[in-house]
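Report on one structure; see the data block that follows.
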Amino acid sequence: MGMTIAEAILARASGRAAVSPGDFVVVNVDTVVMLDTSFFKTLRKEVLKVHAPENVAVIYDHVVPAPDQAAAEAHHYGREFVKKFGIKRFHDVGPDQGISHAVVADKGYALPGTVLVCSDSHTCASGAFNTAARGIGYPDMIYALTTGKTWFQVGETVRYDLVGKLRPGVSAKDVFLHIANRFGEHAGQNIEYGGPGMSTLSMNARRTMAAMGAELSAEFVTFEPDELLINYMRERTDRSFVPVVASPDAKYRARHTIDLDQLEPLVALPDTVINNSRPISEVEGEKIDQAFIGSCANGTLDDLSEAARVVAGKHVAPGVRFLITPSSQAVLQAAAKAGYLQTLIAAGAVVTPATCGACYGGHMGVLGPNETCITASTRNFKGRMGDNTARIFMASPATVAASAIAGKIIHPGALQ
Amino acid sequence: MIRGKVWTFGDNINTDLMVPSEVTYASPEAQARAVFQANRPGWVNEVQRGDVLIGGRNFGMGSSRPAARSLKNVGLSCMLAESLNGLFFRNAVNFGFVAMECPGIHELFAEGQVAQVDIDNWLVTNEQTGTSLPITPIPVELRSLMMEGGVFSLLEKLGLIEPGKAKAKQ
């Protein structure tokens, strides 16, 4: 019987010939990613054994550099933990710092055809690499860390076939907003992306779409493997891997074609992205206090490049805070080298070090009462980025950058 | 058999409503006091030990934050929803909070009615109307974890983590 990509990876990882929706499987975990959040005194357990330290990465990202003593204590504890168990893939505050999913991408930790878990919901970002990557809870993560195993309930798969090519000014974020608006949530289901249009999307664009799968409550988000992926991995890792393709007779819950040529920039209204996006013309003119570009979904070099293109030679509107957080220090450095940083800073943007920071209302960009923000990040839940009365619109980096200049929500093509 | 007064919630209730940003790294007790403060202020003072939460579709969408632990710590005996976010469900299993899917549940109850939840037979009944619905069974491996307090006690027994000092709050 044919299998989807997620089913085929779970079958391989559980040592079965085949799995089907509804199966409960115990799988070997290839990669476990721990974060600084794992070491807070209020959550942590004293781990006595690590199953395979060589398959573990510890990446500080939510609270970097430490903004308070609780975070500093957690960081200190984690450094001792890494030493104690001989974990070599350690990304502390410094040049290798970054949001875990960006670091995992850049270092080639997520191997095609394998299982990766991390205690952050946007772990599905690594589905861009043909990896069955899932966000799990802290207790799950400790179980995988200490036993090398975890469990999954196999869900049905919804397949999206991409055709055509995005028009200039339309981005992967707009593809996601279109899918979230048109097809809604996918709780308990896998999402699979493929089709001839996929080859026109960069690895960064694919990672944006994969990361946002968490916002649809998807179990796994996987992309088909292609030459771009294989070359990307070869440049980053010596470890061997075997990519997985879907069988021609794989069974899907639904199959949809997305014509990339037909898409336009969209904006999600506050509180949810599910069935909640509008063409920009419908919200144009909405005044903003803050514009944010960052997170695992939109802190890539592509995103900073697009923002720089939009704001070049212009200036942020008075009274608007335009914050940009690259997804890793490597991206920050590359943006500096390419001249994007100079353009962004000259336009009045505040560029922060790499962190999850403002995206989750943690630090460096928290919203106050009744403020309005337009964000290119992962979530626009009520209270997500700060005060419960703040409104959060979500859009692409180009739309956010254009809005920062205009002081109100505006179509990126409409900027004078 | 679980028997409890029902609180009803809608579709797409997210984890950030259960564990707001400002208590992300706070103690379990402080997190429990902040549950639903944005969408239902004061609810944590009204909910009684043993009550049952009824949710809509896609309950628990969002973050890996231990939202299920907070629902357990406010005293809920269990919850049922049209559908659950998978990550929320994983945390429910692992923190020992009984969370189940039951298509049609949202229509079965009005807030304040009493639910009888029979997990042995996967059946929920509205005590006022007498109508019942089947609950989607949970795999036996997960059911025992969920009912026996979660994964940490298992890991302690296996000698993989240090035994906890306080039993009450994980």
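The values are calculated or read from the model by the stated rules, or taken from the named source; none is laboratory data. All values reported here derive from a predicted model rather than from experimental measurement. Cβ atoms come from the backbone with ideal geometry, glycine included; neighbour counts cover every protein chain shown. Note: accessible area is taken over every heavy atom of the protein model, side chains too, but ligands, DNA and RNA are not part of it. Shrake-Rupley method; radii C 1.70, N 1.55, O 1.52, S 1.80 Å.
Some observations on this one:
- Rounded to 5, percent antiparallel among DSSP beta bridges of the stretch A:231-373: 30 percent
- Cβ-Cβ FRET estimate between A:ASP226 and B:VAL140, R0 fixed at 35 Å, reported to 0.05: 0.30
- Per-bin percent of Cα-Cα distances, the stretch A:61-147 [10 Å]: 16, 44, 36, 4, 0
- Across A:LYS83/A:LYS173; A:LYS41/A:LYS83; A:LYS287/B:LYS72, pairs whose alpha-carbon gap is larger than 29 Å: A:LYS83/A:LYS173; A:LYS287/B:LYS72
- Whole-percent carbon and sulfur share, accessible surface of the stretch B:2-157, 1.4 Å: 49 percent
- Accessible surface computed residue by residue for the stretch A:266-410, with neighbouring protein chains in place and a 1.4 Å probe, gives 31 Å² per residue.
- Per-pair calculated FRET efficiency, R0 = 56 Å: A:GLN342 and A:VAL245 via Cβ, rounded to 0.05: 0.85
- Each 10 Å bin, from zero up to the one with the longest distance, holds this percent of the alpha carbon pairs of the stretch A:214-311: 9, 26, 36, 21, 7, 0.
- Rolling a 1.4 angstrom probe over the stretch A:266-410 with all protein chains present gives an accessible area of which 52% lies on carbon and sulfur atoms.
- Cα-projected label distance for A:GLU282 with A:LYS149, points at 7 Å along beta-carbon direction, nm: 4.9 nm
- Distance between the stretch A:1-73 and the stretch A:315-382 - C-alpha centres, whole angstrom: 28 Å
- Probe 1.4 Å, accessible area per residue of the stretch B:2-157, Å²: 35 Å²
- Taking chain A as a Gaussian network of alpha-carbon nodes connected by springs under 10 Å, the highest mean-square fluctuation of the residues A:GLN189, A:GLN329, A:GLN342 belongs to A:GLN342.
- Gyration tensor (alpha-carbon) shape descriptor, the stretch B:2-157, a/c threshold 1.5: oblate
- Comparing B:SER77, B:SER27, B:SER132 in a Gaussian network model of chain B, where Cα atoms under 10 Å apart are tied by springs, the biggest mean-square fluctuation is seen for B:SER27.
- Interface size, chains A and B: roughly 3600 Å² of accessible area buried, both sides included, 1.4 Å probe, rounded to the nearest 100.
- Projected area, mean over directions - the protein assembly as shown, Cα convex hull, nm²: 24.5 nm²
- Listed peptides A:171-183, B:80-92, A:229-241, A:207-219 appear in the order A:207-219, B:80-92, A:171-183, A:229-241 once ranked by packing, highest mean of other Cβ atoms within 10 Å at the front.
- Occluded residues from the stretch B:49-64, i.e. those whose accessible area drops by 10 Å² or more once the chain is not alone (1.4 Å probe): B:ARG57, B:ASN58, B:MET61, B:GLY62, B:SER63, B:SER64
- Mean-position separation - Cα centroids, the stretch B:30-61 and the stretch B:82-139, in angstrom: 16 Å
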